[in-house]
Each structure stands twice: as structure tokens, then as C-alpha cells.
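Below you'll find the structure, written out as C-alpha cells, and then a few comments.
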């Protein structure tokens, strides 16, 4: 009697883009090697190095044997997070793609939780929370400002594209099918928001899972006020490229900048965290307005550590 053929296990490909963060990448890969599967799926990892000097190559080679998970390495020499993401997607195989950033690391049940939620709710993709993590104690003003905190949405909550990120997501591979460039390179940042906006408009459904935890390491380089403010200005400049940046959005920013500027001295009376929170909002709105006037508020290609 012939043996009964067993159905092939679901396969998830984890896509990681990296740029000059070998130590953080090794931490991520080590945690990916510890993922619980409950026998429900197999998984592999694709790492795309966005550094033409292949600075991640040695780290990937070291971890390839250590984690015991199929690991593919590729390089996108052109400096662009969107192009790197596109190359990662092009290298991916399987019914599902998971995306996570190189400065993050997941809980051991991360993939299992995302997959179960996706199947139980019959949706096209699931996003999870990204929780800040400090290896060292940061300044008091940074902790109290909560600038790196992100809202944790209850499981099942529909995803609104403005909150969508690729730092913690599982999506069915079919949503990428037929699109050689799902992430648009004209975005220096916010290419993930643009991706989810378009996919939601196409009718794909994404929800949140509160239990699929990923932790983002915030190193000392990101504690600097200059970094935080440049990042805010870039975020504002990116917002100017979104189709919802119409008359109402422009009017809000035009009113917000002078009002927040007037309030700055008073905010300082309540502490550095209040002052910096308000200054970040000013840079965000100013970045949008400057970009709309044809002035690039952040000359560097990316705001990096």
C-alpha cells in the first residue's frame, strides 16, 4: 500500500535589509534562528546588503552555520531602502513574506503568532508592535518624551496606512506578485507607508496582532537631539510626497509651525522632554512645507546612525 502523501508545510521567507550594522544584524539572525514553528511552517531568511562594500557579508557567513536556518545573501549596491526591499522580495520564496529591520529582534513566537493570526482572521497580512529597547540607559528627557514609543493596537484592528511599517509584518506572497518594484525608490523614507496605502486601496486587508512582538534597539547615536530633529524633518518631507498632502494638510502645517514656535519657551518650563517633543513637531511640519516649496530640508540621502 502506497504511503499517503503529506501536504507540504507552509513556508515563510523572512526579508531583512541591512546597512553597516553587522553587530545588530547578528543579534537579529540569532533570534530568527530560535523561532518556534509548532510544526506548522518552515522558514528561511534573505538578507540584502545595501552597502556596495558588502559590510554585512562576514556577519551573514558567521551566522549561516550558527542559526541552522536557510540563509541567502544578496547585495543592492545602489543606496536606497526601497530598492533593497525590492531585491529582498525578488529573492523570497514561499507562501508568506515576513519583513523585519536589521536593528530589531523578535520574540521567539513572532512568526508563529503572525501566521496564526493571518490564517484565523483570513486576511492578507498582519502587522505587530515594535517596542523600543535600550541596551544602555538613555537620557531622562528621551525616556520621558516617548518619541520612540509606538501605539500597540488590539489584535484584529484594521491597519491604517499612516501607521503601517515594514519593521514587523507578515504578508501573503500574492500581494507582491506581478509587481517588480513594490516599493517606490522616489521615497527616501516612508516607502513602506506608500506601499501599504496602495495595497489597501487595491483591496488587500491588513490587521494588527498585539502579541507578535518585535524589539527595536535604540543606540546612543539616536539619542542625539540633532538626529531626532533631522529624522523629523525627513519624515515631514516624505509626507509632502503622499497623495493626501492637500490643502487641508498644508494649512495645518502652516498654522502649526508659528504656533508651536511661540509655545516653545513655555514648553521648556515643563522640562526638556516637552521642549523636544514640540521641536520635533515643528521640524516635521517645516520639512513638509519646505519640500512643497522645492527646498530639500535634509541634504543627506538618509538620516542614519
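Values as computed for the structure displayed
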{"item": "Residue ID - farthest from the chain's Cα centre (by Cα), chosen from residues in the range 20-40 that are crowded, with 20+ Cβ neighbours inside 10 Å and in a loop (DSSP other than H, G, I, E, B)", "result": "35"}
{"item": "Some residue of the range 56-72 being in a strand (DSSP E or B) and farther than 17 Å from residue 108 by Cα", "result": "yes"}
{"item": "Output for the range 208-229, where each listed residue is closer than 30 Å to residue 109 by Cα, out of contact with any strand residue (DSSP E or B) (no Cβ under 7 Å at 6 or more places or on another chain) and not in a helix (DSSP H, G or I)", "result": "210, 211, 219"}
{"item": "Only listed residue being at pLDDT below 90, surrounded by fewer than 20 Cβ atoms within 10 Å (Cβ to Cβ) and in contact with a helix residue (DSSP H, G or I) (Cβ under 8 Å, 6 or more places away or on another chain), chosen from 290, 264, 234", "result": "290"}
{"item": "Residue check for residue 154: touching a residue at least 24 places away in the same chain (Cβ under 8 Å) and over 17 Å from the mean Cα position of the chain (by Cα)", "result": "yes"}
{"item": "Test set (1) over 17 Å from residue 81 (Cβ atoms); (2) crowded, with 17+ Cβ neighbours inside 10 Å; (3) touching a strand residue (DSSP E or B) at 6+ places or on another chain (Cβ under 7 Å) - residue 256 fails condition number", "result": "(3)"}
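The values are calculated or read from the model by the stated rules, or taken from the named source; none is laboratory data. These numbers were taken from a predicted model, which means no experiment stands behind them. Because the Cβ atoms are built from the backbone with ideal geometry, glycine has one as well, and the counts that use them run over all protein chains shown.
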